[in-house]
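What follows is a set of notes on a single structure, which appears directly below.
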Amino acid sequence: MSEAVLALAERTAPGRRHPWLVALIGAALFAAALLVLHDELAALRYHDLTAALFAIPSGRLALALLLTAANYLVLTGYDLTAFRWARLDLDRRRVFTVSLLAYAIANSLGLGMLSGASVRYRFYTRWGVGVADLSRVVLFCTTTLWLGLLTVGGLSLALAPMPALAAAPGHEHARTAGVVLLVVVAAYAVLASVRRRPLRLFRLEVPMPGPRATAAQFLLSTIDWLLAAGVLWALLPAGRVGFLAFVGAFLAAQLVGLVSHVPGGLGVFETALVVLCKPALSAGDLLPALVAYRAVYYVLPFVLALAGLLADELWQRRHAAARVGSLFGAAARAITPRLLAVLVFLAGALLLFSGATPAVPGRLGWLDRFLPLAVLELSHFAASVAGVALLLLSQGISRRLDASYYLTMTVLGIGLAASLLKGGDYEEAALLGMLLLALWVARMEFDRRAAFFATRFTPGWTVAVLSVVSASVVLGLFSFKHVEYTPELWWQFALGAEASRFLRASVGSGVLVLAFGLSRLLRPAPHEVQPPGEQDLADAQKVIAGQGATLPFLAFLGDKALLFDEEREGFVMYAVQGPTWVALGDPVGPPARAAGLVRAFLERADDFDGTPVFYQATPERLHVYADFGLAFVKLGEEAVMSLERFCLEGRENKGFRNTLSRLERAGARFRVVSREDVPPLLPELRRVSDEWLAGHRAAEKGFSLGSFDERYLMRFPAAVLERDGRIEAFANVWPGPDGRELSSDLMRHRPDAPNSAMEALFLHLMLWGKEQGYRSYNLGMAPLSGLEASAVAPLWNRLATFVYERGESFYNFQGLRAFKEKFHPVWEPRYLAWPGGLALPRVLADISALIAGGYRRMFLK
């Protein structure tokens with residue numbers, strides 16, 4: 001597993017690269033599952049299933065809970081064994097706790113290997129575990145998981161094929177397939193125990209486990225899968241199917257659910273198991289047990305994991321003044337809103353499904369004694385509409401939007417009251433009340449003020465909402481199939497007219513979904529970069545004045561948006577090209593603001609399905625980007641020269657003295673023009689610039705390079721070389737606010753200017769800067785220079801080095817480096833921080849287009 005895959009697994013998953021395709025495949029499989037279940041349940045009634053669910057013996061439920069607890073304890077052994085194998089020294093209590101948390105989340109959300117890796121990344125890296133070491137841990141856990149699946153599946157096929165397979169033609173081939181699987185895992189065991197040389201996967205070197213670790217892998221994963229299947233088997237009617245045969249069907253159904261990309265395989269796993277267990281078990285036997293299994297094995301651990309995170313947050317808040325550390329710390333803040341979003345989504349589904357099923361017998365009659373029928377009718381309708389609203393609001397909760405938070409709290413309150421009034425569903429109301437309490441505890445996490453309707457609605461979320469609404473309609477038709485449909489049902493208002501209430505509520509839910517869909521279709525065009533206004537530039541000036549770098553002066557070019565924090569004490573300057581959102585340099589402002597600004601930029605890009613990158617990131621901020629799961633590639637090196645040590649004396653600087661002497665004899669004079677005196681010179685500076693562009697057959701650039709813009713140039717002093725009263729060359733001057741750094745951006749000269757005019761301009765500026773007390777002079781970047789190109793270097797380094805050495809016809813890479821090298825600077829690396837994956841060529845092309853002013857102008861000189 002490469003570092004990029006681990007760093008942002010959810011971004012590089014297949015669903016991220018083709019979101020609509022994967023979402024539609026999942027929707028198709030979910031729809032097929034509903035159709036199959038509809039056929040399987042044709043002879044059953046809703047009351048039969050609910051009666052079977054509540055008839056599950058309490059002893060079997062207790063056994064299922066016990067097996068679930070044992071299974072999750074075994075799952076923690078994956079991480080503990082992996083850390084021991086990798087020789088990583090980390091508190092075992094922390095490993096144990098994060099492992100429980102990761103599996104509780106991954107099992108419920110699906111794509112367990114990916115979301116589990118993401119959770120581990122957020123916690124372990126903050127506790128000092130390196131990315132490469134963590135990659136080995138995740139790879140070890142993933143391998144262990146599949147070893148157990150292949151081992152148990154092979155034994156099941158070889159010894160006791162699943163019921164549907166045993167009754168099918170050619171079932172004897174199942175035993176052969178089982179033997180093949182066992183041979184595969186045996187080959188792994190031999191290879192892992194005998195091979196001494198490590199494997200190399202991309203840039204990751206993985207040592208072989210050895211006999212003891214391999215034995216632990218087989219033992220852990222085999223027990224894990226047997227316990228997971230045992231939880232469901234304990235809930236089934238006794239004596240219908242053998243355990244080993246059932247395990248094979250369970251594993252096959254788990255694989256189908258994983259392939260579907262439906263969260264937790266919901267619906268798809270159940271349908272596959274119904275089909276694979278025929279004829280030994282019917283749908284009526286399986287479905288009640290499956291409902292209980294979902295609650296015991298998925299929902300309960302998920303809720304406990306979220307409760308642990310919320311308790312940790314309360315601990316932090318209560319002991320903030322005493323600076324008492326908590327178990328999870330700041331890492332939980334990135335996870336908690338997403339977990340709450342899942343629960344809000346489930347709460348919406350609960351309200352919809354509740355409205356599509358009959359009320360508990362006896363409760364409607366009790367309510368009729370105290371409430372008018374109109375209240376009951378209105379409450380039923382309001383509960384279903386609130387359910388759809390929660391489905392839609394959950395995506396805003398995952399993005400930490402404050403508007404979504406307050407709306408969700410309001411809708412949950414409405415849903416809670418409607419649950420009690422529509423059918424006395426106090427169990428449902430209690431669950432909604434607990435979710436309200438959890439949201440209240442996590443209030444501080446919802447601090448974004450982005451507009452709910454301005455953010456994107458992901459394909460997965462869209463399909464999930466439509467699937468739940470469709471499933472509620474199918475459930476309602478199943479629940480009330482004994483009621484003969486007539487047009488009068490729509491207008492029947494009576495205590496026992498539950499089918500009528502379901503029909504009206506379904507229409508209300510459908511209208512809300514349709515209205516929301518139309519609002520999305522009619523929403524404004526995708527995000528466009530808004531140039532900063534005068535107030536933005538004034539606030540940016542205050543921020544820039546409090547730090548020492550000169551690159552932030554490019555904010556005044558006006559071609560980049562400025563994303564400020566809430567206090568407007570820091571900002572990120574960025575531009576958008578296609579799907580790529582490019583922040584120039586590190587966040588500007590106090591170092592303490594950097595993490596919040598990085599997060600705000602990543603979330604803003606994610607709102608519009610953009611790919612966020614930081615261009616020319618410095619080494620000092622790499623740890624901040626790493627905290628958010630970004631990967632890095634080196635772009636080149638920046639030349640920074642010490643003015644305190646710079647002088648023209650000495651034999652090595654004889655060339656510099658000769659350059660200045662020649663220009664002085666030619667009548668050239670240097671002076672620095674104050675910013676107040678720049679406007680009268682602009683017409684002549686414009687002529688110099690136009691002649692330079694024409695002589696170089698070049699077009700104006702932008703983004704990370706200055707262009708001739710009068711408003712931009714009037715903000716800075718200008719350095720000029722004059723001869724006989726005519727300006728021969730000029731540069732705008734960037735004076736670092738704290739006197740630390742001096743630099744220049746736009747440097748141009750006439751075609752007939754004296755030789756070495758630009759070198760002389762640099763020398764004069766350095767001497768002037770030294771006189772003014774500046775400590776360093778920034779000569780700018782040398783792209784693609786300073787990269788390691790050995791055979792073991794990453795592919796990007798080797799490709800960049802090839803372009804650097806062979807690409808002189810496109811860009812003067814080596815010449816630019818050589819020119820700056822004569823000033824004997826210190827070379828500082830600059831990086832591209834990005835989400836990882838396979839989009840790097842597109843990202844680099846989009847950045848080049850931004851600088852050139854569009855793809856059509858990329859190849860202009």
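The values are calculated or read from the model by the stated rules, or taken from the named source; none is laboratory data. Computed from a prediction, not measured in an experiment: that's the story for all the values here. Neighbour counts run over all protein chains shown; Cβ positions are idealised from the backbone, glycine included. The accessibility values were calculated without ligands, DNA or RNA, using every heavy atom of the protein model including side chains. Shrake-Rupley method; radii C 1.70, N 1.55, O 1.52, S 1.80 Å.
For the reader, a short list of remarks on this structure follows.
- Counting only residues that are closer than 20 Å to GLU638 by Cα and buried (at least 23 other Cβ atoms within 10 Å of the Cβ), segment 554-569 holds 1 of them.
- Evaluation of VAL613 against (1) crowded, with 21+ Cβ neighbours inside 10 Å; (2) under 30 Å from MET714 (Cβ atoms) (one fails), failing number: (2)
- Of all residues in segment 401-417, exactly one satisfies the criterion of being open to solvent by less than 10 Å² (accessible area, probe 1.4 Å) and touching a strand residue (DSSP E or B) at 6+ places or on another chain (Cβ under 8 Å), namely LEU401.
- Matching residues, segment 536-552, being assigned to a helix (DSSP H, G or I) and over 14 Å from ARG568 (Cα atoms): LEU551, PRO552
- Residue within segment 340-352 that is among the aromatic types (Phe, Trp, Tyr), within 27 Å of PHE601 (Cα to Cα) and open to solvent by less than 20 Å² (accessible area, probe 1.4 Å) present: no
- Of all residues in segment 729-749 being open to solvent by less than 10 Å² (accessible area, probe 1.4 Å) and either over 47 Å from the mean Cα position of the chain (by Cα) or among the hydroxyl-bearing types (Ser, Thr, Tyr) (or both), the one that is nearest to ALA668 (Cα to Cα): ALA729
- Total residues in segment 472-494, condition part of a loop (DSSP other than H, G, I, E, B) and crowded, with 17+ Cβ neighbours inside 10 Å: 1
- Residue pairs whose Cβ atoms lie under 6 Å apart, sitting 6 or more positions apart in sequence or on different chains, and linking a residue in segment 642-664 that is within 16 Å of LEU721 (Cα to Cα) to a partner that is surrounded by 11 or more Cβ atoms within 10 Å (Cβ to Cβ) and acidic (Asp, Glu), are THR659/GLU759.
- Residues of segment 809-829 classified as out of contact with any strand residue (DSSP E or B) (no Cβ under 8 Å at 6 or more places or on another chain) and either open to solvent by less than 80 Å² (accessible area, probe 1.4 Å) or modelled with pLDDT of 80 or more (or both), total: 5
- Looking across segment 750-771 at every residue that is outside any helix (DSSP H, G or I) and either among the hydrophobic types (A, V, I, L, M, F, W, C) or at positive phi (or both), the one that is surrounded by the most Cβ atoms within 10 Å (Cβ to Cβ) is identified as ALA753.
- Boolean, ASP39 is among the acidic types (Asp, Glu), part of a helix (DSSP H, G or I) and modelled with pLDDT of 80 or more: no
- Within segment 711-728, the set of residues being aliphatic (A, V, I, L, M) and open to solvent by less than 30 Å² (accessible area, probe 1.4 Å) comprises LEU713, ALA718, ALA719, VAL720, LEU721, ILE727.
- Helices (runs of 4 or more DSSP H) contained in segment 584-703 and holding at least 2 residues under 29 Å from GLY854 (Cβ atoms): 594-607, 682-696
A quick yes/no check of all residues on (1) open to solvent by 30 Å² or more (accessible area, probe 1.4 Å); (2) at pLDDT 85 or above:
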position: PHE54; (1), (2): yes, no
position: LEU67; (1), (2): yes, yes
position: ASP79; (1), (2): no, yes
position: ARG84; (1), (2): yes, yes
position: LEU90; (1), (2): no, no
position: LEU101; (1), (2): no, no
position: TRP127; (1), (2): yes, no
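- Residue tally, condition open to solvent by 70 Å² or more (accessible area, probe 1.4 Å) and farther than 17 Å from ASP724 by Cα, over segment 665-690: 7
- Filter result (open to solvent by less than 10 Å² (accessible area, probe 1.4 Å) and of a type in the set (Phe, Trp, Tyr)) within segment 370-387: none
- Test: residue in segment 210-226 that is modelled with pLDDT of 85 or more and either within 25 Å of PRO279 (Cβ to Cβ) or in a loop (DSSP other than H, G, I, E, B) (or both): yes
- Looking only at segment 550-567, and only at residues there that are farther than 15 Å from PHE716 by Cα and at pLDDT below 90, the one that is farthest from the chain's Cα centre (by Cα): ASP559
- Which numbered condition GLU710 misses (of (1) touching a Leu at 6+ places or on another chain (Cβ under 6 Å); (2) closer than 30 Å to VAL826 by Cα): (2)
- The residues on offer are LEU150, LEU157, and the sole one that is in a helix (DSSP H, G or I), modelled with pLDDT of 70 or more and more than 27 Å from SER282 (Cβ to Cβ) is LEU150.
- Look at (1) within 30 Å of LYS422 (Cβ to Cβ); (2) touching a residue at least 24 places away in the same chain (Cβ under 8 Å); (3) open to solvent by less than 30 Å² (accessible area, probe 1.4 Å) and you find that ALA497 fails only one, number (2).
- Any hit, segment 570-579, residues being touching a helix residue (DSSP H, G or I) at 6+ places or on another chain (Cβ under 8 Å), under 28 Å from SER744 (Cβ atoms) and open to solvent by 10 Å² or more (accessible area, probe 1.4 Å): yes
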